[in-house]
Amino acid sequence: MTNTGPGILTIWNDAAPGRDADFNIWFQGEHLEERLAVPGFLYGRRHQAISGASGYFNFYLVESPAVLTSPAYIERLNNPTPMTRMIMADIFKNMNRTLCHRTLRRGAMRGAYAVTVRFNDAPDEKALTILLDELLSDTNIASGEIWTAVDAAAQPLTQEEKLRGGDRKIKGALMVDTLRQSEAEVLGARLTKQFPQGEVGVFRVLCQLGHGEAFAT
């Protein structure tokens, strides 16, 4: 597969015990709009876990992976707001953050629930494509995407990452959107068996913001 499509910034993390309210205030009150103000950011969506190893999952769709190493974005990461500085240093835990190519998308809709599989080794994209084509034959599945990591060696260490104490990275991921929680849980159980070396999570959507919505009056 070629890597000429959009970019994806993937983030899985936990919040420090008792600090979820602060995390929510920051994310909905500041962070999403701040990120969508960076040129090239198109869409962001935030999730909370139903099951899996991470309490939260969010991703950003950008015009191309180059946006995620652009001067405007790096400047933002190196100059965090006071609230961002506090969140990064005190609340973000077990951070897993990776810059990716979106190598495949199937389906036009987005769902209310998401199932993710994180791969620490390069995934078999051909097998994942066959899987997505099978899954999308079910109208309860809204869409699916395959993400592959951008070379981490080309990415600068930013002030935000320093505040977090460093981030884990993945080699790739599968994300599948479903319409209902029951379907997400069934799919999560199936993918856990199918990909025993992957990290599977089932999530509900908390909020989402598109570029035009970020600047609506």
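A quick yes/no check of all residues on (1) of a type outside the set (Ser, Thr, Tyr); (2) not in a helix (DSSP H, G or I):
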| residue | (1), (2) |
| --- | --- |
| Phe23 | yes, no |
| Glu33 | yes, no |
| Tyr43 | no, yes |
| Ser54 | no, yes |
| Tyr73 | no, no |
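Considering only residues in region 145-164 that are assigned to a loop (DSSP other than H, G, I, E, B) and without any contact (Cβ under 8 Å) to a residue 40 or more places away in the chain, the one that is surrounded by the fewest Cβ atoms within 10 Å (Cβ to Cβ) turns out to be Asp151.
The set of residues from region 150-209 being touching a Phe, Trp or Tyr at 6+ places or on another chain (Cβ under 6 Å) and of a type in the set (Ser, Thr, Tyr) comprises just one member, Thr178.
Yes/no per residue for (1) of a type outside the set (A, V, I, L, M); (2) touching an Asp or Glu at 6+ places or on another chain (Cβ under 6 Å); (3) assigned to a strand (DSSP E or B); (4) in contact (Cβ under 8 Å) with a residue 24 or more places away in the chain:
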| site | (1), (2), (3), (4) |
| --- | --- |
| Pro80 | yes, yes, no, yes |
| Leu104 | no, no, yes, yes |
| Ser143 | yes, yes, yes, yes |
| Val176 | no, no, yes, yes |
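Would you mention how many residues in region 160-203 are within 20 Å of the chain's Cα centre (by Cα) and among the polar types (S, T, N, Q)? Number satisfying all stated conditions: 4.
Give region 95-120 a look and list any residue that's among the polar types (S, T, N, Q) and crowded, with 16+ Cβ neighbours inside 10 Å, or say none. Asn96, Thr98, Thr103, Thr116 - these are the residues of region 95-120 that are among the polar types (S, T, N, Q) and crowded, with 16+ Cβ neighbours inside 10 Å.
Yes/no matrix, rows are residues, columns are (1) hydroxyl-bearing (Ser, Thr, Tyr); (2) surrounded by 17 or more Cβ atoms within 10 Å (Cβ to Cβ); (3) under 17 Å from Ala173 (Cα atoms):
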site	(1), (2), (3)
Asn13	no, yes, yes
Pro17	no, no, no
Phe23	no, yes, no
Ala37	no, no, no
Ile50	no, no, no
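Selection of region 115-130 for residues being hydrophobic (A, V, I, L, M, F, W, C), under 20 Å from the mean Cα position of the chain (by Cα) and over 20 Å from Ser51 (Cα atoms) yields Ala122, Leu128.
Selection of region 59-75 for residues being surrounded by fewer than 19 Cβ atoms within 10 Å (Cβ to Cβ), in contact (Cβ under 8 Å) with a residue 40 or more places away in the chain and within 17 Å of Leu157 (Cα to Cα) yields Ala66, Thr69, Ile74.
Read-outs throughout are calculated quantities, based only on the coordinates presented, and are distinct from any laboratory measurement. From a predicted model like this one, the values you see are computed outputs, not experimental measurements. Here the Cβ is made from the backbone with ideal geometry for all residues, glycine too, and neighbour counts use every protein chain on show.
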